[in-house]
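Here, each number is a calculation from the coordinates, and none is a lab measurement. Predicted model only: the values in this text are computed from it and were never measured. When we count neighbours, we look across all protein chains shown, and the Cβ atoms used for this are built from the backbone with ideal geometry, even at glycine.
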């Protein structure tokens, strides 16, 4: 999931009046930001998503990666033409719209359609270090969108799998992220990040 943010005020940072200076200040904030947002989804919503996804037909995740990303991407993805996609996306998007912390942190101008990924231990599935696409287009959304923020929403509890940690590199080093089901991590789309190989279970 990727977000386009508004370049306005961010926590405790006074942006200069000059537009160029405002943009530079905004970019500095993006470079150091990584935020854990708890309970994006309610327990019943996590269950509803999981029930649908457990019976879903998955496709090769490399289909949605660029030429460089495809070289390090080995996972499964819910295809765009899946009959489940509209309902699942609606659940996630409605949850985001009602979450005050998400809105105050992301200040979203536009939201790209959520994507659903699965990593399984049987194939040691993973996603090597990469950067999300800076400019994206989507079949159901005309035009192009610049992406400022990326988000990972966890649908599995951490004891359901081993490996599969989201690893984000930023100014202060590498951070391994493993959150409860329903929680989200928000980080700049410019951050280099990866998902380590799954060694037990599956992660969605």
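Okay, here's what the table says:
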{"read-out": "Three-way shape label, region 34-203, alpha-carbon gyration tensor, a/c 1.5", "value": "rounded"}
{"read-out": "Ranking of 144, 58 by count of other Cβ atoms within 10 Å, fewest first", "value": "144, 58"}
{"read-out": "Exposure proxy order (Cβ contacts within 10 Å, fewest to most) of 55, 137", "value": "55, 137"}
{"read-out": "Once the Cα gyration tensor of region 119-204 is diagonalised, semi-axes √(5λ) in Å", "value": "24, 16, 13"}
